[in-house]
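Undergrad: Pasting a structure here, questions to come.
The values are calculated or read from the model by the stated rules, or taken from the named source; none is laboratory data. Keep in mind that what you see is a predicted model, and the values were worked out from it rather than measured. So basically every Cβ, Gly included, is an ideal-geometry build from the backbone, and we count neighbours across all protein chains shown.
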Amino acid sequence: MTDPVIVASGLGRRFGETVAVDQLELTVQAGEVFGFLGHNGAGKTTTIRMLNGILTPTNGSSRVLGLDPMADGPHLRTRTGVLTETPSLDERLTGRDNLAIYADLYRVPKDAVKARVDELLTGFDLYERADDKVGGYSKGMKQRLALARTLLHKPEMLFLDEPTAGLDPVAARQVHDMIVQSTRQQGHTVFLCTHNLVEAQRLCDRVGVMEHGKLVALGAPRDLARQLVTNLTVDFEVDAEAVPAALQELEGKGITTSVAQQTGTISVRGATHSAIPDFVNLLVGAGIRIYGVTPQEPTLEDVYFALHGEQPVQRNSAEVIQ
Amino acid sequence: MNWRAIQALMRKDLKVVLQNKGVVIPIVLLPLILFIVIPGLVLFIPSATSSANNNDLAQLMAMVTPGLRDQLVGLTPDQAGAVFFLVYMMAPLFLIVPLMVSNVIAADSFVGERERKTLEALLYTPTTDGELLVGKMLSALVPAIIVSWAGYVLYSVVADLASAQLMERALFPNPLWNVIALWVAPAAAGLGLTSMMLVSVRAKTFQDAYQTGSLVVLPIVLLLIGQIAGVLYFNIWLALGLGLVLWIIDAVLLFYGRQTFHRSELIARL
Ligand SMILES: Nc1ncnc2c1ncn2[C@@H]1O[C@H](COP(=O)(O)OP(=O)(O)OP(=O)(O)O)[C@@H](O)[C@H]1O
Ligand SMILES: [Mg+2]
């Protein structure tokens, strides 16, 4: 990790009364896969547009790859590749024409165009259909062609707006591999907008969560989960015969437990990460021997719902214990 | 200006445009009818039935302006009819070609692009706003001018052939039409384009834009009626003046069109 490649300061955009992006403060490091999450209409696409200098912000400023997107847009865009939300392909042209024309627009060296186009068509498994009109492609083929177009000029930085929406699992996997390869092997930076939380968790070094144009959470998926998720499940391994005693101890404090198995595992639900040591103390204090404590790692999905408060709020065990 | 990008934009626009039937009709059918079918019909049919008499000539002479009357003096009724029709009546009709061709291509390029949702990817390319605009303008202007000039050549041949028996010497090419083709037609193509740039700000679909845009032929129709009604006639001076007026209108419309052609506004209007 070296210099930040994206710095947004107070970046904002209004459309009439609608505040699409509000006072965005954000830094993304080179080589990072940064996940940008949020509900429909949260302001993700608008942010990508501003960071690439194709939409003027109403407030604040940004620098991308050291350039001011509004002043140096064309130069900046030779170094970024953007996969738009809709593939934005010319359906009346062939796959090959779509790529060849954009290769000229992206200033791919003239004598390299043909080889580069063929390479991408092959890489994205479109070679056989390259001379068919795009209008006849399946949704997944269109998405792959759009991705290929994004990579024509070997950009240092990729903005991918929901790259796997509508792809089958195999194709989605290819996209994931491509993202991993371009960051881990080539040091490129990826700014990934997605609604797919499993995808974000798997790929992203850090994520930012947008809500109504505001960034409401920012950090590594794991850290966010620890901070924000209050309904963690923690498994305690105790002696089988100690289970009733342990349950009594916990339930006496009003802590929600789930089925105590005969094997001697008790699951405590609705915990926070920071309350785990308190549970251990409580049980040890009651003379119960603990063989193992396994917090079930919360997922980004848990974070997402915690932020949007859309899951029934469970009792917070940490409060109960203190 | 990055000419490679501009060429790529033109290549893209033309490949796409030529697959739109709504565009191909004015580009191919209109010149075909205007430059081949009409002169053919009008000239071959009457000569076969041998027709015009002095009475017809007198009627024609009474109708047109004195300036035009001077041009027709000393011709036989058939000759006067041919000259009147082929040289003077067809002059304003000829201008419909550059006007419509650029208008309809611009409708597809400026509005159709948005309708097909292909504009966004284009805006993310390293092209400048100026290059995008020049690319789109040339996509409309170059074919309009080429079709017009090819049409002029074709029309000259057809009209000369059709009137060969009647006239002592070839009617085309002639200085009036040279001025119209070289000076007025490009300006008319410009009008078709620049008026569409303004229409494109509001129009949602290609069809909308095409319908509204084609209203620009109305001034041409007025010229045509004016000539029949004896209010004016197409001489070189009128052509030079008309060209000048059109170029000025083009410049003004282009100025306003350029104001609306910024990435940020284009994307916000998607
Ligand atoms: N050109 C525009 N004109 C008016 N409002 C707009 C425009 N573009 C975006 N908005 C509004 O700004 C807000 C943010 O939109 P944006 O497209 O950035 O959201 P998003 O996070 O990308 O959503 P999604 O997940 O649905 O793609 C929305 O309320 C949207 O309606
Ligand atoms: Mg979006």
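Undergrad: At least 2 residues that are within 16 Å of ligand 2 (Cβ to nearest atom) in each: list the helices (runs of 4 or more DSSP H) lying fully within the range A:78-179 that qualify.
TA: A:139-151
Undergrad: Can you tell me how many residues within the range A:80-99 are among the polar types (S, T, N, Q) and at the interface with chain B (Cβ under 7 Å from one of its Cβ atoms)?
TA: So the answer is 3.
Undergrad: Let me confirm something: among A:Lys133, A:Lys114, which residue is within 13 Å of another protein chain (Cβ to nearest Cβ), more than 21 Å from the chain's Cα centre (by Cα), of a type outside the set (Ser, Thr, Tyr) and under 17 Å from A:Leu93 (Cβ atoms)?
TA: The unique qualifying residue is A:Lys133.
Undergrad: Under 7 Å by Cβ, and 6 or more places apart or on different chains, what pairs join a residue from the range A:14-35 that is more than 14 Å from chain B (Cβ to nearest Cβ) and touching a residue at least 40 places away in the same chain (Cβ under 8 Å) with one that is within 16 Å of ligand 2 (Cβ to nearest atom) and not in a strand (DSSP E or B)?
TA: A:Val19/A:Gly213; A:Asp22/A:Gly213; A:Leu24/A:Thr47; A:Gly35/A:Thr194; A:Gly35/A:Ala200
Undergrad: Output the number of residues of the range A:26-43 satisfying the condition of being more than 10 Å from ligand 1 (Cβ to nearest atom), closer than 20 Å to A:Val303 by Cβ and assigned to a loop (DSSP other than H, G, I, E, B).
TA: 1
Undergrad: Right, another one. For the range B:106-138, which residues satisfy the criterion of being within 14 Å of chain A (Cβ to nearest Cβ) and of a type in the set (Val, Ile, Thr)?
TA: Passing the criteria: B:Thr118, B:Thr125, B:Thr127, B:Thr128, B:Val134.
Undergrad: Shifting gears a bit: Take B:Leu166 and decide whether it is surrounded by 14 or more Cβ atoms within 10 Å (Cβ to Cβ) and within 25 Å of B:Thr260 (Cα to Cα).
TA: So B:Leu166 does not fit the description; no.
Undergrad: In the list A:Leu121, A:Leu152, A:Leu126, which residue meets the criterion of being surrounded by 15 or more Cβ atoms within 10 Å (Cβ to Cβ) and either within 14 Å of chain B (Cβ to nearest Cβ) or within 16 Å of ligand 1 (Cβ to nearest atom) (or both)?
TA: Criteria check complete, one pass: A:Leu152.
Undergrad: Filter the range A:285-322 for residues that are modelled with pLDDT of 50 or more, within 24 Å of A:Leu247 (Cα to Cα) and outside any loop (DSSP other than H, G, I, E, B) and give the result.
TA: A:Gly285, A:Ile290, A:Tyr291, A:Gly292, A:Val293, A:Thr294, A:Pro295, A:Gln296
Undergrad: Give the residues of the range B:61-78 that are within 27 Å of the chain's Cα centre (by Cα) and either part of a helix (DSSP H, G or I) or of a type in the set (A, V, I, L, M) (or both), sorted by residue number.
TA: Within the range B:61-78, B:Met63, B:Val64, B:Gly67, B:Leu68, B:Arg69, B:Gln71, B:Leu72 qualify.
Undergrad: Name the residue that is nearest to A:His308 (Cα to Cα), counting only residues in the range A:185-210 that are assigned to a loop (DSSP other than H, G, I, E, B) and within 14 Å of ligand 1 (Cβ to nearest atom).
TA: A:His195
Undergrad: Cβ-Cβ below 7 Å, separation at least six or inter-chain, first residue in the range B:249-270 and within 16 Å of ligand 1 (Cβ to nearest atom), second of a type in the set (Asp, Glu): which pairs?
TA: B:His262/B:Asp129; B:Arg263/B:Asp129; B:Ile267/B:Glu120; B:Leu270/B:Glu120
Undergrad: Within the bounds of the range A:9-25, is there any residue that is assigned to a strand (DSSP E or B), away from ligand 1 (no atom under 16 Å from the Cβ) and either under 15 Å from the mean Cα position of the chain (by Cα) or not acidic (Asp, Glu) (or both)?
TA: yes
Undergrad: Something else: Please tell me if A:Gly43 is more than 9 Å from chain B (Cβ to nearest Cβ) and within 25 Å of A:Tyr304 (Cβ to Cβ).
TA: For A:Gly43, the condition - more than 9 Å from chain B (Cβ to nearest Cβ) and within 25 Å of A:Tyr304 (Cβ to Cβ) - is met.
Undergrad: Can you tell me which residue in the range A:46-77 is nearest to ligand 2 (Cβ to nearest atom), limited to those that are in a loop (DSSP other than H, G, I, E, B), buried (at least 19 other Cβ atoms within 10 Å of the Cβ) and more than 22 Å from the chain's Cα centre (by Cα)?
TA: Among them, the one singled out is A:Leu55.
Undergrad: Further, regarding this structure: Which of the following residues is within 12 Å of chain B (Cβ to nearest Cβ) and either more than 9 Å from ligand 1 (Cβ to nearest atom) or aliphatic (A, V, I, L, M) (or both): A:Arg49, A:Arg77?
TA: Answer to the selection: A:Arg77.
Undergrad: Just to be sure, is A:His188 within 16 Å of ligand 2 (Cβ to nearest atom) and away from chain B (no Cβ under 14 Å)?
TA: When the stated conditions are applied, A:His188 does not pass them.
Undergrad: Which residues, counting only those in the range B:114-140, are assigned to a helix (DSSP H, G or I) and either crowded, with 23+ Cβ neighbours inside 10 Å or in contact with a Phe, Trp or Tyr (Cβ under 7 Å, 6 or more places away or on another chain) (or both)?
TA: B:Glu115, B:Leu123, B:Asp129, B:Leu133, B:Gly135, B:Lys136, B:Met137, B:Ser139, B:Ala140
Undergrad: Could you check the range B:219-270 and list, in sequence order, the residues that are within 16 Å of ligand 2 (Cβ to nearest atom) and either closer than 16 Å to B:Val184 by Cα or surrounded by 14 or more Cβ atoms within 10 Å (Cβ to Cβ) (or both)?
TA: Result: B:Ile267, B:Ala268.
Undergrad: Moving on to the next point. In the range A:21-45, which residues are within 16 Å of ligand 2 (Cβ to nearest atom) and among the small types (Gly, Ala, Ser)?
TA: Answer for the range A:21-45, where residues must be within 16 Å of ligand 2 (Cβ to nearest atom) and among the small types (Gly, Ala, Ser): A:Gly35, A:Gly38, A:Gly41, A:Ala42, A:Gly43.
Undergrad: Filter the range A:211-224 down to the residues that are assigned to a helix (DSSP H, G or I) and buried (at least 22 other Cβ atoms within 10 Å of the Cβ) and list them by number.
TA: Those that are assigned to a helix (DSSP H, G or I) and buried (at least 22 other Cβ atoms within 10 Å of the Cβ): A:Pro221, A:Leu224.
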